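The values are calculated or read from the model by the stated rules, or taken from the named source; none is laboratory data. This structure is a prediction, so every number in the text was calculated from the model and none was measured. Using ideal geometry, Cβ is built from the backbone for each residue, glycine included, and neighbour counts are taken over all protein chains shown. Accessible surface areas use protein heavy atoms only, side chains included; no ligands, DNA or RNA. Shrake-Rupley method; radii C 1.70, N 1.55, O 1.52, S 1.80 Å.
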Amino acid sequence: MTEEGEQRPARVVVADDQTVVREGIVMLLGLLPGVEVVGAAADGEEAVRLVAELAPDVVLMDLRMPRCDGVEATRRIRSEHPATQVVVLTTYADDASVFPALRAGARGYLTKDAGGDEIVRAVHGVLSGDAGLAPGIQRRLLERLSESEPRPAGPPDSSDGLTARETEVLVLIAEGLNNRQIASRLHVSPATVKTHINNLFAKTGVKDRAQAVRYAYGKGLVRPPRG
């Protein structure tokens with residue numbers, strides 16, 4: 001039982017087809033505060049089954065696995081068990097791996113050179129509504145969005161009924177700030193930021209922060225990176 005005000009450990013399932021890697025991740029996380037490994041899967045099918053049985057908060061998902069790969073397992077988990085978030089933890093950081101995983105519903109993406117503390121931060125980040133993306137992955141995502149979503153020639157369009165403050169929060173999300181950073185920038189509480197995010201998500205129809213970034217670029221609220 002946690003003491004009053006103490007954050008409970010995030011319940012995690014680890015999915016990786018390589019036994020040594022899977023057991024190593026489980027052992028590493030077992031040494032760190034803030035997470036509790038409740039299950040380990042050797043492929044995507046087993047990961048989906050364990051999510052149905054254990055209802056974990058987060059799955060740490062490898063991509064290249066037999067029977068059911070990580071992308072398909074992520075899609076099934078997010079469709080059938082939306083309360084469980086997925087953070088990809090893989091060797092592969094190429095666009096052909098990153099973007100299908102994010103489109104399938106992964107909220108985080110780390111490579112296996114990530115340290116234990118970085119993994120724990122990503123786990124708790126996605127549970128708080130942040131995107132648990134490695135810096136290099138986030139930069140490439142923004143570059144891809146800036147290439148695929150040309151900025152309109154006219155003035156920025158903050159349509160869909162967003163208030164000025166909701167638009168401001170949206171812009172800060174697109175700039176890569178997490179909830180705590182946005183709260184500090186705007187001098188409001190994290191709870192207020194979360195309320196603004198819930199409102200702007202409902203008004204714009206976006207489902208997560210990655211889609212919010214795409215929306216902001218598409219509306220011309222953020223300038224694409226240059227150079």
| field | Accessible-area order (highest first, 1.4 angstrom probe) of the listed residues THR195, THR91 | value | THR91, THR195
| field | Of all accessible heavy-atom area on the stretch 16-116, the percent that carbon and sulfur account for (1.4 Å) | value | 53
| Cut-off under 5 Å, modelled amide H: who pairs with ARG11 long-range | GLU36, ASP57, VAL58
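Say R0 is 41 Å: what FRET efficiency, to the nearest 0.05, do GLN211 and VAL20 get from their beta-carbon distance? Can you show the working numbers first?
On the way: r = 36 Å, r/R0 = 0.88.
The pair GLN211/VAL20 has a calculated efficiency of 0.70.
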| query | Bin by bin, in steps of 10 Å, what percent of the Cα pairs in the stretch 38-110 do you find, going until the bin that has the longest distance? | reply | 23, 60, 16, 0
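Please give the contour-minus-distance gain from ARG8 to SER128: 0.36 nm per residue of separation, less the Cα-Cα distance, rounded to one decimal in nm.
Values: separation 120, 0.36 × 120 = 43.20 nm, distance 1.29 nm.
Roughly 41.9 nm would be gained on extension.
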| request: Just need the relative contact order of the stretch 1-115 here, percent rounded to a whole number, with Cα pairs under 8 Å and 6+ apart. | output: 22
